[in-house]
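Single-structure report; data block below.
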Amino acid sequence: MKPKRILTLLTSAAMAVTVLTGAMSVSVVSAADEDYATSGTCGDEAEWFINTDATLVITGKGALSREIDENGSQKTWPWRKLGADIQRIVIEEGIEDLGKGIVGHPNSSDAAFNDCINVKEAVLSPTVKNLYTCFYGMESNIKDIWIYATDIVEDVGGTKGGLSYLSKNDYPRAGRGTKWHIYKGSTTEQTLRDELLLTDDDIEYITEKQPFSEIKMYAYDKLEMPKTTETSGISGLLSRWEWNEKNKTLTFSGKGTISISDGYYEKYKEKAEHIVIESGITSVDVITGYSLGVSCPSGAFCSFTKLEDVDLPDTLEYIGGGSFQNCTSLKKLVNGLPVKIKIIGEAAFRNSALSGDLILPSTLSILRSFAFENTNITSVNLVEGMVLGGASFKRCDFLEEVVIPSMVYIQTPTDNAPRSNTAFGSCANLKKVIIKGVGDVHYTQYELIHENGIGDSLFSYCPSLKEIIIDCDNLEYISKIYVNGAGVQEGFCFDLSNDPTFYIYKDSTTEKTLRDAGYLTDTNVVYIANTTALEEAVKSAEEIDTSMYTDESVEALNKAIEAARAVVDDIYASQEAADNAAKAIGDAVAALKLIANGEINIAVKAPGVDTEVTVTVTSADGEVIYESTGINNTVSDLEDGEYVIGVTAENCAPRSYEVTVSDGVATLDAEIHIIGDINGDGRITTADVGLANSHAKGIKALEGYDIEVADLSKDGKVTTTDVGAVNAKAKGVKA
């Protein structure tokens, strides 16, 4: 046989896509059970194999088809049991038909790759003529689809000339993040735009540098699966299991998905007490025909009745349907749910004995129907924005409190007919429900019926439910109460026969919706605070840079914030309390006092003065805040404002200055004179006598500080008496 070769396509975004080429497949070592072979035939002239990087390659020519069993029926696609591990699909040149499914039933084994739910990328050669239902069920994860065929006209999705309703919704949809790489202006482009409603945002055109035939080649490494022993074996393409008889423990290691169960480790289901899944495993998803109608669908560990605890790794993102259903002794997840968990499948923990508070990680996006039905959990806080499946917590008789943020409610369809959500239906001891937000309400898995609503029958038949706290103002839809001919309430979200109390905002949209639907009476309503404005006030106050304010004013603000948080956390708080708390925050913000950070630099000139000079600084309210001797002074840590600087010395006329501090440093050059030294030269001479005499005779007036220096008699005037005193000093008659 010719060796296989891996081809790598380098896109303009420097993303590598692995493709394989060659006319014949390579035989690889199979697992003990031939059902888990990694190569074989899939058509009269078509073959398949899986390589070491979990790529499924279809090679040969013509159409894909399945083998016929002894009853004349088609078998499932041969890669189906390993489908959850496959990361990439490559259709090589020569393959034309991807296997037509049954029209109107794309949710079946007829869809060639419908179990390859973790595929991130698919590459189709130019010879492909149709798609049919091949990508059914891959709408959540697949990121890139490369189609080198230019003339795909019909049978996109499985219906000749167009898509059926279901296949449209289960194909990778417009706006969901999948990029379709196609040739611009091709018939394929027009078909995909028409049938799947793709827009420019969904399409990336193949360039001349990316032709299918000129992809760089690398050597092929074949995948060899290890054989199963009595105590170890494969649990997926890249994962293994091992049994420890002494510890009664099943340990799973490797990476990727646990996708194989039957015929291997399931023989320990009556013995295993502990399961350890090591880091590297990302998915528990055994695909063997899971069905809610089966008493124990084939989940990975379904009906491990002696199982007491499970240790799940942080790498785990997906827990498949029925994985731990009917594990009636399972009480504990050793480290809780993984911090990266995204999806918990149908009935994943149904009928287990999980107990205590259920902590759902913020990464959880989908909790499917019946996931925790009939478990022993006591409380649960759901995750904002998550999808909540029907009956997901139904019959949890130990559940006492539920907190619900805004989310999407998914009804469970039966024969395409709507069925009530009943996510918390028949929880016998549920006492309190806190709803902090509402979301979308669906009647089918695909069609949005209502926005801003609560799922139908969400809390039906909960006889202990007495407190219903709806802490939001946007409830616009809730199923109306219906009373049948026998006078029995039907079709309700909340059972009024329990005489519950509704805690809501007064005069809100929520109140109107509940009244219109028949839930409120004159006696079952308590009005609580709408804390939206208060929470905004708290957030705004917390964003203030308090480093520039005094400790006392910041402490007052912090006390106001702390008191406001207590009101926000008190679900029963009154509107008056919320309004008062918001006002207190506003008052505290207004009262914030800036830290004094201004500065005055004072330099004093004192000509002829041989005594100490004293400088004082007085604030606007008259308080002396600084006093010192010396001619050079720096006064720091001053608030912006007005200050009076006083300068005094023995035998000198005292002097004062007004200084304003604003956003920084103020500088003052001060000067003080000996009494009688009017011209400030440090001596008292006949020149000073002349200045005083001119003022006294009205020849030339002195001004300001010069008057104080010349006023030796201290009567507030400069007269001939003062002139004589200055003259006596100048002539040395009187010192």
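See the values below:
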| read-out | value |
| --- | --- |
| For the range 597-735: rounded, prolate or oblate by the Cα gyration tensor [a/c cutoff 1.5] | prolate |
| Beta bridges by DSSP in the chain, antiparallel share as percent, to the nearest 5 | 45 |
| Spacing of the two label points (7 Å from each Cα toward its C-beta) at E45 and T550, in nm | 9.4 |
| Pairs of Cα atoms farther than 13 Å apart, the range 598-671, % | 62 |
| Values of log10 I(q)/I(0), in the order q = 0.18, 0.21, 0.31 Å⁻¹, for the range 686-730 under a Debye, Cα-only, solvent-free model | -0.40, -0.55, -1.23 |
| Radius of gyration and maximum dimension Dmax of the range 299-353, Cα, Å | 10.3, 27 |
| Estimated translational D of the range 532-590 in µm²/s (Stokes, Kirkwood radius over Cα pairs; 25 °C; 0.890 mPa s) | 215 |
| Additional length obtainable on full extension of the chain from E650 to S355, 0.36 nm per residue less Cα span | 97.4 nm |
| Length gained when the stretch K593-T231 is fully extended (0.36 nm per residue, less Cα-Cα span) | 123.0 nm |
| Residues C462, C396, sorted so that the one with the fewest Cβ neighbours within 10 Å comes first | C462, C396 |
| Protection-proxy order for peptides 74-83, 476-485, each taking the mean of Cβ atoms within 10 Å per residue, highest first | 74-83, 476-485 |
| Rounded Å value of the spacing that divides the Cα centres of the range 74-97 and the range 510-536 | 55 |
| Two-site FRET efficiency, D69 against T315, from Cβ-Cβ distance with R₀ of 51 Å, rounded to 0.05 | 0.85 |
| Under the span-like rule (Cα at least 20 Å along the axis, Kyte-Doolittle mean at least -1.0), DSSP H helices of the chain | 551-569, 575-590 |
| Set of lysines with alpha-carbon distance to K714 below 22 Å, sequence-local pairs under 8 removed | K697, K700, K729, K731, K734 |
| Integer Hz, Karplus 6.51/-1.76/1.60 couplings in order for the range 78-92, x for Gly and Pro | x, 8, 4, 6, 9, x, 5, 8, 6, 9, 8, 10, 10, 9, 7 |
| Unit charges on C-beta of K, R, D, E only; dipole of the chain, Debye | 2060 |
| Sequence of R88, R176 once ranked by neighbouring C-beta atoms within 10 Å, starting from the fewest | R176, R88 |
| Highest to lowest packing among 540-552, 361-373, 613-625, scored as the average C-beta count within 10 Å | 361-373, 613-625, 540-552 |
| Members of K269/K431; K331/K394; K81/K227; K227/K248 lying beyond 28 Å, as alpha-carbon distances in this model show | K269/K431 |
| For peptides 649-656, 672-679, 42-49, sequence by mean Cβ density within 10 Å, most packed first | 672-679, 42-49, 649-656 |
| Point-to-point label distance, D522-N474, nm (Cα→Cβ direction, 7 Å offset) | 3.5 |
| Distance between the range 315-378 and the range 583-623 - C-alpha centres, whole angstrom | 67 |
| Bins of 20 Å, starting at 0 and running to the largest distance - Cα pair percent for the chain | 14, 30, 22, 13, 11, 9, 2, 0 |
| Summed side-chain charge close to T686 - residues other than T686 whose Cβ falls under 11 Å, Lys, Arg +1, Asp, Glu -1 | +2 |
| Dipole moment magnitude, nearest 20 debye, the range 532-590 about Cα centre, only Lys, Arg, Asp, Glu C-beta charged | 100 |
| Proximal lysines to K129, defined as alpha-carbon separation beneath 16 angstrom and excluding residues fewer than eight positions away on the same chain | K61, K100, K160 |
| 30 Å Cα-Cα threshold exceeded, pairs from K209/K340; K143/K184; K466/K512; K179/K209 | K209/K340 |
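Read-outs: derived from the displayed coordinates by stated rules, not from any lab. From a predicted model like this one, the values you see are computed outputs, not experimental measurements. No Cβ is skipped: glycine too gets one built from the backbone with ideal geometry, and neighbour counts run over all protein chains shown.
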